[in-house]
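S.K.: My structure is below; once you've seen it, I'll send some questions.
Where a number appears in this text, it was derived from the coordinates with a stated rule and is not lab data. Treat the numbers as computed from the prediction; the structure is a model and nothing was measured. Positions of Cβ are backbone-derived with ideal geometry, glycine not excepted, and every protein chain shown enters the neighbour counts.
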Amino acid sequence: MKYCTHCKRIFKNEDMQSCSKCSRKLISDPNQYSPVNIVTANGFELERIKAALTDSKIPFTVQEAEKDTGIQILNSAPPENCTIKVPLGYYTEANDLLIGIGAINEAEELSEEDEARLKEERKKDSLLPETPGKRFLSSLMFIIFFILMIAAVIFITDLITPFINPYYS
């Protein structure tokens, strides 16, 4: 088993020398307490996984995605994507548990081509623009549109009110 100290991922292929995600050198003998990314989830699925790990007394940590936009703070929504990490000593137990509850598939480790294809599909399906400048511009346009909609509702209400209530001055 090989371990990437940067990505916190485990690779079962003993012949691999570098991580397929970050290209850093893999180590062969990680510490049993080294954190391992086991799954990325959000919403109800995240809560379900956390409850299953807690019930099984498997220690874990939850880390929000690095590329999270922070929009969740504004609308009180849960984080978009969270990575759940478990100590390496609990990895097989946690992996079996998550396979058992259907949170991950048995063949969860993807080839490099599949990972690249999935990354491209996620980029295409993304609702938010990629760059911070585009995100800011789209947020600004939404705020302006929202203010204009409120102004239009107030203007139309002021026009209609004298017809509904003739005593309104």
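S.K.: Can you give the extra length, in nm with one decimal, that the chain gains between Tyr33 and Thr157 once fully stretched, where that is 0.36 nm per residue apart less the Cα-Cα distance?
M.R.: Numbers: separation 124, 0.36 × 124 = 44.64 nm, distance 6.39 nm.
38.2 nm is the gain from fully extending Tyr33 to Thr157.
S.K.: For Tyr167 and Glu47, FRET efficiency with R0 = 45 Å and r from the beta-carbon atoms, rounded to 0.05? Could the numbers behind the result be given before it?
M.R.: Values: r = 54 Å, r/R0 = 1.21.
Here the calculated transfer efficiency is 0.25.
S.K.: Rounded, prolate or oblate: which fits region 6-69, taking a ≥ b ≥ c as square roots of the Cα gyration tensor eigenvalues, rounded meaning a/c under 1.5, else prolate when a/b beats b/c? Before the final figure, lay out each step's value.
M.R.: Working: a/c = 2.65, a/b = 1.57, b/c = 1.68.
The shape class here is oblate.
S.K.: So if R0 is 45 Å, what FRET efficiency would Met1 and Met141 give, r being the distance between their Cβ atoms, rounded to the nearest 0.05?
M.R.: Values: r = 49 Å, r/R0 = 1.09.
Between Met1 and Met141 the formula returns 0.35.
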